[in-house]
1. I'd like the residue in the stretch 120-131 that is open to solvent by 10 Å² or more (accessible area, probe 1.4 Å) and modelled with pLDDT under 95 and, out of all such residues, is nearest to the chain's Cα centre (by Cα).
2. Would you tally the residues in the stretch 199-208 being surrounded by 24 or more Cβ atoms within 10 Å (Cβ to Cβ) and either within 15 Å of L30 (Cβ to Cβ) or polar (S, T, N, Q) (or both)?
3. So which of A272, A245 is buried (at least 24 other Cβ atoms within 10 Å of the Cβ) and touching a residue at least 12 places away in the same chain (Cβ under 8 Å)?
4. Sort out which residues of the stretch 78-100 are in contact with a strand residue (DSSP E or B) (Cβ under 7 Å, 6 or more places away or on another chain) and either charged (D, E, K, R) or not assigned by the TED database to the domain that holds A134 (or both), and write them in order of number.
5. Quick check, is V107 at pLDDT 95 or above, more than 25 Å from the chain's Cα centre (by Cα) and surrounded by fewer than 11 Cβ atoms within 10 Å (Cβ to Cβ)?
6. Taking F342 as meeting all but one of (1) surrounded by 23 or more Cβ atoms within 10 Å (Cβ to Cβ); (2) more than 24 Å from A94 (Cβ to Cβ); (3) in contact (Cβ under 8 Å) with a residue 40 or more places away in the chain, write down the number of the exception.
7. From the list Q315, Q322, which residue is open to solvent by less than 20 Å² (accessible area, probe 1.4 Å) and assigned by the TED database to the domain that holds V233?
8. Residues R148, R214: which one is open to solvent by 40 Å² or more (accessible area, probe 1.4 Å) and either without any contact (Cβ under 8 Å) to a residue 40 or more places away in the chain or outside the structural domain of F56 (by the TED database) (or both)?
Amino acid sequence: MAVRYLKRGKDAAEVADADAKVRSTVEGLLSDIEKRGDVAVREMSAKFDKWEPEEFKLSQAAIEKAVKQLSPREIEDIKFAQTQIRRFAEIQRASMQDVEVETIPGVILGHKHIPVNAVGCYVPGGKYPMIASAHMSVLTAKVAGVKRIVATAPPFQGAPHPAIVTAMHFAGADEILSLGGIQAVGAMALGTQSIAPVDMLVGPGNMFVAEAKRQLFGKVGIDLFAGPTETLVIADDSVDAEMCAVDLLGQAEHGPTSPAILLTNSETLAKATMVEVERQLGILPTADIARVSWAEHGEVIVCDTIDEMIATADQLAFEHVQILTKDPDLFLKRLTNYGALFLGPRTNVSFGDKVIGTNHTLPTKRSARFTGGLWVGKFLKTCTYQRVTTDAASALIGEYCSRLCHMENFAGHGEQANLRVRRYGDRAEVPWYEPVAAKN
């Protein structure tokens, strides 16, 4: 492969060292929440967010006050975004059918899609008020049929952010908290004196929130293992450097550890984009963050062929993959590892992040190799059942089961089968712990 790096990001060992420090911090704080509940949560909120309200749970009056702070246009914009996201989630839910089938005479198998009972939705909001994350998590859980939805976001500039609260409320949250960070996800997962525990945690967050969700997995379900936002721009000479730079920096502004990579088969475009990135960093209002992200985690990769570009993209397995090429559908057909694709110059990651209808909670850190992003199906448990309706079917399955149990030395399992053969078949002589004789 002739794959050339014109720019590289931080060494993997440095990233691993930083991750280890985060793991240790999170482990100690979660242990404290488990032991001391509300007291620990309040102390952490005061320490990390300078936030100590009388109650973290918002009253109905507080929610109504938040809604009243928004203009009619802001409310309309939130409702428009939620309409798009709800519409696509409902289509996805309708695609998931319960199944019941008679596989052989007298044997009926089926599955049901059962919603998780209680979900905690984390909405980032300390640095940027991530209003869209309320739609993506709360609304999608609602469409799935989740009975109890708890939504939380950190305070923004010393108060609950009115637009986030409004979005949570419109999306259908049953409980709304003004609480952020490890203390928020820990309280929802473990439960405290004032916050009943949930069964599942969803939503993006900073490195501490992501690590807390990882450590809590098992005690509760989670949507996916998430790290900093990632964007990969795959481009050829059909587009210009301005568009490539805009689409890279548009995601690099998420945070100082957010990787943004240009993958191209045009060295001319690659070099021009690097120059254009520097120009845009001179005028971008969020350049203080985006510049660090680009300097430490940005990369520019040049390949000779489309095949090399596809192989490299699948190896990276990035969260967001923007396709700016002559034939975007070629990449839709051939790529296998990505969180979400954005096909052609008329769309972009920001559309998906905010309003177009697909979900923006997506896999990072190469987990796109084995999972997709958050969607209505993540809130549903696909649970199977079986029913045997005739004596003949019970005896037939029983004979096969008995012999298979014997091969595994499972006498008790075998007797479950043998009992059915004796009761429902014509083999009343079958004794305890002796498998049914194989028929010649």
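The values are calculated or read from the model by the stated rules, or taken from the named source; none is laboratory data. Only a predicted model underlies this, so the values are computations on that prediction, with no experimental measurement involved. Every residue, glycine among them, receives a Cβ derived from its backbone with ideal geometry; neighbour counts consider all protein chains shown. With ligands, DNA and RNA removed, areas are computed over all heavy atoms of the protein, side chains included. Shrake-Rupley method; radii C 1.70, N 1.55, O 1.52, S 1.80 Å.
1. P124
2. Number of matching residues: 2.
3. Just one listed residue meets the conditions, A245.
4. Matches in the stretch 78-100: D98, E100.
5. Criteria not met by V107.
6. Status for F342: all satisfied but (3).
7. One residue alone meets the criteria, Q322.
8. Only one candidate passes the filter, namely R214.
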